[in-house]
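These notes concern the structure reproduced below.
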Amino acid sequence: MNVIDMHSEVWRQVQAKRPQMPHALLLAGQRGIGKFDLARELVTSLLCETPAASGQACARCRACHWLEQGSHPDLRLVQPKTLADDEDTTTASDEGSPGKKKASQQITIDQIRALDDFLQVGTHRHGARIVLLNPAEAMNRATANALLKSLEEPIAGTLFLLVSSEANRLLPTIRSRCQSILVRPPSRAAAVAWLRQSGVGDEAETWLALAGGAPLLACELAGSSERSLLDSLLAQFSRAENLEPLSAAALLDKLVKADKRPLPLKRTIEWAQKWLFDLSLASHGLSPRYFLGHESLLQRLARASDAGKLLAFNRKTLQYRGQCEQPLNSRLFLEDFFLNYANLFRIS
């Protein structure tokens with residue numbers, strides 16, 4: 001099963017627009033459901049010289065060969081440097097080296113301005129010209145305004161294809177100039193089948209639930225070292241009233257600092273938000289959404305917690321998520337977090 005099969009309805013919607021393709025399309029939906037892969041399939045379809053009746057590329061023409069090699073002259077992929085395959089990202093050993101700079105996590109205004117020459121020359125095969133932006137929310141206001149100029153004066157035969165997991169962060173003026181297509185998560189059966197084909201195996205349903213129904217994110221999590229972070233966090237959460245906040249913070253702080261993947265502290269808080277969401281469901285007698293294998297534990301903890309404090313702490317985690325993207329002392333941050341978590345079970 002490929003990404004087109006998982007999102008067959010969206011594929012049909014886009015292909016229906018093909019005779020009169022708009023100058024800007026926005027594919028929006030939650031993270032990890034395959035939006036970018038779907039966008040790349042669409043790009044291949046539009047640039048292919050002999051597509052099938054279904055719209056899928058032939059994989060034989062010159063355009064398809066160029067795309068396979070990543071060198072099609074009528075395509076520009078605009079993304080943060082951290083996502084670029086051909087850019088050197090900064091590793092842990094680089095961080096202290098003079099002259100080394102971490103790759104940008106944003107789409108820069110220079111990247112948008114660099115499109116000017118591309119947009120002004122004719123296409124090489126008298127076909128479409130495509131600018132693929134991913135993720136679109138990685139543009140700051142100045143960058144978005146620079147893009148807006150191109151969207152306001154569309155060039156015939158040119159498609160701006162934007163992919164976003166947080167479309168609400170885009171400027172309203174950007175969204176208003178795009179035709180938006182909502183990409184929903186695939187059905188549970190389709191997602192599980194895809195995960196099993198991808199080698200996740202018997203834990204496919206567990207990881208799919210933890211990923212909120214997003215199969216590509218589930219596959220990424222299952223193949224990473226996320227398990228150690230998650231298991232350690234759950235071990236502390238399960239202690240409830242017996243939790244020692246300072247010890248828990250020290251343990252998680254070590255894991256966060258040893259984690260070489262992006263934004264480990266933010267990921268920790270995101271897992272905490274999912275746990276608290278399930279704890280809130282359990283407090284109302286509902287089944288968990290994310291932690292399917294912990295239903296009995298969640299029910300026990302819900303009975304031991306204070307409902308008012310749980311509601312307030314859920315709101316507090318929104319602040320935590322914003323704070324953890326800023327420079328801070330992670331140890332003190334985690335101490336505050338675990339002190340507040342332990343307080344949920346101190347019923348006065």
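The values are calculated or read from the model by the stated rules, or taken from the named source; none is laboratory data. Note that the structure is a prediction, hence the values are computed from the model and not measured. Glycine also receives a Cβ, built like all others from the backbone with ideal geometry; neighbour counts cover every protein chain displayed.
With the requirement that a residue be under 15 Å from Glu241 (Cα atoms) and part of a helix (DSSP H, G or I), what does the stretch 301-335 give you?
Residues of the stretch 301-335 under 15 Å from Glu241 (Cα atoms): 301-307, 309-310.
Leu301, Ala302, Arg303, Ala304, Ala307, Lys309, Leu310, listed by residue number.
Tell me which of these Ser180 doesn't satisfy, since it passes every other one: (1) free of Cβ contacts under 8 Å to residues at least 60 places away in the same chain; (2) part of a strand (DSSP E or B); (3) within 19 Å of the chain's Cα centre (by Cα).
(1)
Taking helices (runs of 4 or more DSSP H) that fall entirely within the stretch 207-299, which contain at least 2 residues that are acidic (Asp, Glu)?
Details: elements: 215-222, 226-237, 245-258, 264-283.
Where helices (runs of 4 or more DSSP H) fall fully within the stretch 207-299 and carry at least 2 residues being acidic (Asp, Glu), they are 226-237, 264-283.
Taking Leu75, is it under 22 Å from Thr158 (Cβ atoms) and either modelled with pLDDT of 55 or more or not assigned by TED's automatic domain parsing to the domain that holds Gln120 (or both)? Please lay out each step first, then the result.
Values: under 22 Å from Thr158 (Cβ atoms): yes; either modelled with pLDDT of 55 or more or not assigned by TED's automatic domain parsing to the domain that holds Gln120 (or both): yes.
Here the answer is yes, as Leu75 does meet what is asked.
Within the stretch 125-175, how many residues are among the polar types (S, T, N, Q) and within 17 Å of Gly29 (Cα to Cα)? Can you show your working first?
Keep residues of the stretch 125-175 that are among the polar types (S, T, N, Q), which gives 134, 140, 143, 145, 150, 158, 164-165, 168, 173.
After this cut, where a residue has to be within 17 Å of Gly29 (Cα to Cα) as well, the list is 134, 164-165, 168.
Total satisfying the criteria: 4.
When you scan the stretch 246-258, how many residues do you find that are touching a residue at least 24 places away in the same chain (Cβ under 8 Å) and surrounded by fewer than 19 Cβ atoms within 10 Å (Cβ to Cβ)? Spell out the reasoning first.
The first filter runs over the stretch 246-258 and keeps only residues touching a residue at least 24 places away in the same chain (Cβ under 8 Å), leaving 246, 248-250, 252-253, 255-257.
Those still in the list that are surrounded by fewer than 19 Cβ atoms within 10 Å (Cβ to Cβ) too: 246, 250, 255, 257.
Number satisfying all stated conditions: 4.
Pick out the one residue from Leu286, Leu292 that is surrounded by fewer than 18 Cβ atoms within 10 Å (Cβ to Cβ), aliphatic (A, V, I, L, M) and at pLDDT 95 or above. Give the derivation first.
Numbers: Leu292 fails: at pLDDT 95 or above.
Just a single option satisfies the conditions, and that option is Leu286.
Which one of the conditions (1) closer than 17 Å to Ala342 by Cα; (2) surrounded by fewer than 17 Cβ atoms within 10 Å (Cβ to Cβ) does Ala272 fail to meet, given that it meets all the rest?
(2)
Taking helices (runs of 4 or more DSSP H) that do not extend beyond the stretch 107-173, which have at least 2 residues that are over 24 Å from Thr44 (Cβ atoms) and polar (S, T, N, Q)?
Numbers: elements: 109-113, 115-120, 141-152.
Fully inside the stretch 107-173 and qualifying: 141-152.
Here are Leu339, Leu344, Leu298: which of them is crowded, with 19+ Cβ neighbours inside 10 Å, touching a residue at least 24 places away in the same chain (Cβ under 8 Å), under 17 Å from Ala240 (Cβ atoms) and of a type in the set (A, V, I, L, M)?
Testing whether each residue is crowded, with 19+ Cβ neighbours inside 10 Å, touching a residue at least 24 places away in the same chain (Cβ under 8 Å), under 17 Å from Ala240 (Cβ atoms) and of a type in the set (A, V, I, L, M) leaves just Leu344.
Going by what's in this entry, would Val200 be described as buried (at least 21 other Cβ atoms within 10 Å of the Cβ), farther than 16 Å from Val10 by Cα and free of Cβ contacts under 8 Å to residues at least 24 places away in the same chain? Steps first, answer last, please.
Details: buried (at least 21 other Cβ atoms within 10 Å of the Cβ): yes; farther than 16 Å from Val10 by Cα: yes; free of Cβ contacts under 8 Å to residues at least 24 places away in the same chain: yes.
In short, yes.
Restricting attention to the stretch 336-348, report how many residues are part of a helix (DSSP H, G or I) and polar (S, T, N, Q).
Qualifying residue count for the region: 2.
Take the conditions in a strand (DSSP E or B), buried (at least 18 other Cβ atoms within 10 Å of the Cβ), in contact with a helix residue (DSSP H, G or I) (Cβ under 8 Å, 6 or more places away or on another chain) and on the phi < 0 side of the Ramachandran plot and apply them to Val192. Does it pass?
On the way: in a strand (DSSP E or B): no; buried (at least 18 other Cβ atoms within 10 Å of the Cβ): yes; in contact with a helix residue (DSSP H, G or I) (Cβ under 8 Å, 6 or more places away or on another chain): yes; on the phi < 0 side of the Ramachandran plot: yes.
So Val192 fails the test.
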